[in-house]
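In what follows, a single structure is set out as structure tokens and then discussed.
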Amino acid sequence: MAGGGSQSSYGTVAYNTALVAAYLGLNSLLNLTNKWALGVYGLSFPLLLTTVHMAFSFTVLLPFMLRPSMQQQHKDTLSTQWKGIVAIGLYMACNVALNNSSLVWVTLTLNQIIRSSIPVFTALLALVIENYRPQKGETAGLFLLTSGVITAVWSGSVAGKPMGVVLCLLGTVCNAAMMSTSGRVLSEKLDALRLTFYTAPVSCAVLLPIFLRFELPRFRTYLTEHGWETGSILLASSIVALSYNVVHYLMIQQTSAVTTTVIGETKIIGLLLLSAFLLGESKAFTLRLSIGCLMALVGFAFYSYSKVSQQQRQQLPRKSSAPGRTPKSKESPMRAADSFDEEAQEQQSLLHPDSGSK
């Protein structure tokens, strides 16, 4: 019995380790692929890339989602949650499209530092929407995070263009708005796969007309010059985006959304190092940018630790309550945000691609 339990424990550890490695690897690969395609290779069609990612994910998930066992679940969810799904689909489309657009103008390093400020915007929107005030530990972490982002943006703007900084900031605000409103518009928590399946058509419906208006004429010329290479890049990046969504779903199922968010901090550090070596962005690491990165990462770590500690304290009364009865409390948008991590959903990506990211 003991031997069997030990083997089971080792198997669980091995599975979780592989899952974390796949999550970090696919998230980094998706961001690096998008930056390489949009910025280095010259496929400067962010709306096309975002639309193709979402359409591909929806198409691949369609046979699985249309199984008879899931039809009633879809009916119940869509009949009661359609307003929330439409709202999140709109936010997600703006978030991912703006973020991908920024990669045409700024380095991946600067993009990731700006994106790390999502908790700051989420806290500000939560304060306005539901009058939710962060705890002292969260406030200190957010202040340090904000200071680091401002320092990095000030220094890193020389490595990019102001348009890219503005687009990235707008995408970050859209991501925060999606997180802040999700708890209000959705009464049912949706996993990453179902959320992708439901919101992808909405996001495509928003982005497709804009692509046809602004990118299609240039893309026709580009396609005649590059041909099959373009299709290969779009297909490969779409496979990576879908794979990340699946692994992100498994990560939350196996651990928790909060743990996934904290692990995402490691992803940011890894991306900064990879972008320096693989994308030739090492010259962008000035002393001021490095200090800003360090401040932002420490602030994010302190903020994440404060959130985890707070949620652990909130779970204690639930464990001591009578069986079969769960205290009903209003979930703050800051906690609801964890289910739609950036890049959750990064992205979502979201996504969450990040999706991309989200």
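The values are calculated or read from the model by the stated rules, or taken from the named source; none is laboratory data. Keep in mind the model is a prediction, meaning the values are calculated, not measured. FYI the Cβ positions are ideal-geometry reconstructions off the backbone, even for glycines, and counts take in every protein chain you see.
At a glance:
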read-out	value
Residue in segment 41-55 that is at pLDDT below 90, in a helix (DSSP H, G or I) and more than 24 Å from L250 (Cβ to Cβ) present	yes
Evaluation of A192 against (1) modelled with pLDDT of 80 or more; (2) buried (at least 21 other Cβ atoms within 10 Å of the Cβ); (3) more than 29 Å from L287 (Cβ to Cβ) (one fails), failing number	(1)
Neighbours by Cβ (under 8 Å, 6+ apart or cross-chain): first from segment 201-222, among the polar types (S, T, N, Q); second surrounded by 14 or more Cβ atoms within 10 Å (Cβ to Cβ)	S203/T50; S203/T51; S203/M54; S203/G89; S203/L90; S203/M92; S203/A93; S203/V96
Only listed residue being farther than 20 Å from L169 by Cβ, buried (at least 17 other Cβ atoms within 10 Å of the Cβ) and within 14 Å of the chain's Cα centre (by Cα), chosen from G89, G84	G89
I114, sole failed condition from (1) under 30 Å from G42 (Cβ atoms); (2) in contact with a Pro (Cβ under 9 Å, 6 or more places away or on another chain)	(2)
Segment 278-310 - residue that is modelled with pLDDT under 70 and in a helix (DSSP H, G or I) and, of those, nearest to I113 (Cα to Cα)	A284
Only one of L98, L61, L78 that is at pLDDT 90 or above, in a helix (DSSP H, G or I), over 23 Å from S237 (Cβ atoms) and not acidic (D, E)	L78
Residue list for segment 149-167, restricted to those being closer than 17 Å to L124 by Cβ and either surrounded by fewer than 17 Cβ atoms within 10 Å (Cβ to Cβ) or at pLDDT 80 or above (or both)	I150
Where a residue in segment 303-318 is of a type outside the set (G, A, S) and its partner, wherever it lies, is modelled with pLDDT of 75 or more, with Cβ under 7 Å and at least six apart	Y303/P119; Y303/E138; Y303/G141; Y303/L142; Y303/L145; K307/E138; Q310/Q135
Hey, L110 crowded, with 21+ Cβ neighbours inside 10 Å, of a type outside the set (V, I, T) and in a helix (DSSP H, G or I) or not	yes
Pick from segment 168-183, criterion crowded, with 24+ Cβ neighbours inside 10 Å and of a type outside the set (G, A, S), ranking: modelled with the lowest pLDDT	M179
